[in-house]
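Novice: What follows is a single structure, and I will ask about it in a moment.
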Amino acid sequence: MYSDVFCKVYNEFGWNYYPEAFGEQLLQWLSDHNVSVGSAMDLACGTGVLCRILKEQGIRAHGMDFSTGMIAIAREADPDIPYDVADMTTYRPEAQFDLVTCTGDALNHIPDLADVERIFANVHAYLAPGGHFIFDLLDEKEISTSEPFDLDFDEHIRARFRITRPAADKVHLQTEVFEDGVHSFTEDIFETVHDRSAVLSMLQRQGFELLKCAHRLSDDGGPEVATWFVIARKSDNTAQRNKITEVLL
Ligand SMILES: C[S@@+](CC[C@H](N)C(=O)[O-])C[C@H]1O[C@@H](n2cnc3c(N)ncnc32)[C@H](O)[C@@H]1O
């Protein structure tokens, strides 16, 4: 779980650009495919950026995250959006949603593939028939390591970031924070690079139709990013629902 103090650093240092960019592409994809969404659940919603973007579109957005610090920031930004603090491997709300999202490498924070499959089974239970499940995954080939680099938050606070690969399937993101030159804390986050074919097979085993796995959400040849986007759908038993539009294996 992210520490409360790291959640503030995460928010202040501008990592919110990712859900903002994702939200824009998501809304475009929904519009391009005439998918109307009344309610949405953002799993591992972090600071709630995507929930707020969806709410602005008139969608009843609901978020959840493991980290109390992330949810505190999300609630402060919009107290009217419902948020739960929970572990998505066991989370199973009673309400059903037309759309479930899980982005920003959140599934790469789950080290065990069996837990990822538990999440898929849970999502299938609370996704409405015909609803979409959209998530991203780190693309192993695109993860580069970095020498430590510093960012100044203000004249007193500086953060030092470093990305290493302690094993072929592991990514270690370390953040050290210094206040007036004095080390104040270190946050270590470990992510796991999952085998994409195994993830896609698990999705289908849990009853999803796979619509897309690609480096971009849009269909118009827009910019590719160093992430896999996966779009899956819970069958509503209508005839044309089995069409796979784009899956790169
Ligand atoms: C890199 S952040 C992405 C947050 C948000 N989705 C975004 O795109 O900005 C990953 C999030 O996953 C959350 N997380 C990690 N493991 C989780 C779990 N088992 N259940 C719920 N949330 C989890 C973390 O607390 C963190 O907020």
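Novice: Test A74 against the stated conditions and say whether it is over 23 Å from A226 (Cα atoms), in contact with a Cys (Cβ under 7 Å, 6 or more places away or on another chain) and assigned by TED's automatic domain parsing to the domain that holds M41.
Specialist: Judged against the criteria, A74 is a match.
Novice: Please count how many residues of the stretch 83-97 are surrounded by fewer than 21 Cβ atoms within 10 Å (Cβ to Cβ) and either more than 11 Å from the ligand (Cβ to nearest atom) or not acidic (D, E) (or both).
Specialist: Here the count works out to 10.
Novice: Return the pairs, sorted by first residue and then second, in which the second residue is among the hydroxyl-bearing types (S, T, Y) and at pLDDT 95 or above, the first residue lies in the stretch 52-66 and is away from the ligand (no atom under 15 Å from the Cβ), the beta carbons are less than 6 Å apart, and the residues are 6+ apart or on different chains.
Specialist: Partner pairs satisfying both residue conditions: R60/S39.
To keep it simple, each residue is scored yes or no on (1) part of a helix (DSSP H, G or I); (2) surrounded by fewer than 19 Cβ atoms within 10 Å (Cβ to Cβ); (3) within 15 Å of the ligand (Cβ to nearest atom); (4) among the small types (G, A, S).
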position: C7; (1), (2), (3), (4): yes, no, yes, no
position: Y10; (1), (2), (3), (4): yes, no, yes, no
position: Y18; (1), (2), (3), (4): yes, yes, yes, no
position: E24; (1), (2), (3), (4): yes, yes, yes, no
position: N34; (1), (2), (3), (4): no, yes, no, no
position: A40; (1), (2), (3), (4): no, no, yes, yes
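Novice: Which of the strands (runs of 3 or more DSSP E) contained wholly in the stretch 113-222 include at least 1 residues that are over 21 Å from A40 (Cα atoms) and among the small types (G, A, S)?
Specialist: Filter on the stretch 113-222 gives 146-152, 157-167, 182-192, 208-214.
Novice: With the checklist (1) in contact with a strand residue (DSSP E or B) (Cβ under 8 Å, 6 or more places away or on another chain); (2) closer than 28 Å to L113 by Cα; (3) among the charged types (D, E, K, R) in hand, flag the one item D87 doesn't pass.
Specialist: Of (1) in contact with a strand residue (DSSP E or B) (Cβ under 8 Å, 6 or more places away or on another chain); (2) closer than 28 Å to L113 by Cα; (3) among the charged types (D, E, K, R), only one is false for D87: (1).
Novice: If I filter the stretch 69-86 for residues that are in a loop (DSSP other than H, G, I, E, B), closer than 28 Å to G130 by Cα, modelled with pLDDT of 95 or more and of a type in the set (S, T, Y), do I get at least one hit?
Specialist: No, because not a single residue in the stretch 69-86 is in a loop (DSSP other than H, G, I, E, B), closer than 28 Å to G130 by Cα, modelled with pLDDT of 95 or more and of a type in the set (S, T, Y).
Novice: May I pose another question? Could you grab me the full set of residues in the stretch 101-122 that are within 12 Å of the ligand (Cβ to nearest atom) and farther than 30 Å from H183 by Cα?
Specialist: If the condition is that a residue be within 12 Å of the ligand (Cβ to nearest atom) and farther than 30 Å from H183 by Cα, then T101, C102, T103, L107, D112, D115, V116, R118, I119, N122 are the ones that fit.
Novice: Something else about it: Every residue in the stretch 42-51 that is assigned to a helix (DSSP H, G or I) and either within 8 Å of the ligand (Cβ to nearest atom) or not assigned by TED's automatic domain parsing to the domain that holds I110 (or both), please.
Specialist: Within the stretch 42-51, V49, L50 meet the criteria.
Novice: Only one of (1) at pLDDT 95 or above; (2) within 17 Å of the chain's Cα centre (by Cα); (3) within 29 Å of T186 (Cβ to Cβ) is not met by H62, so which one is it?
Specialist: In the conditions (1) at pLDDT 95 or above; (2) within 17 Å of the chain's Cα centre (by Cα); (3) within 29 Å of T186 (Cβ to Cβ), H62 misses (3) alone.
Novice: From the residues in the stretch 159-182 that are of a type in the set (G, A, S) and under 23 Å from the mean Cα position of the chain (by Cα), which one is modelled with the lowest pLDDT?
Specialist: It comes out as A168.
The values are calculated or read from the model by the stated rules, or taken from the named source; none is laboratory data. These figures come from a predicted structure and were not determined experimentally. So basically every Cβ, Gly included, is an ideal-geometry build from the backbone, and we count neighbours across all protein chains shown.
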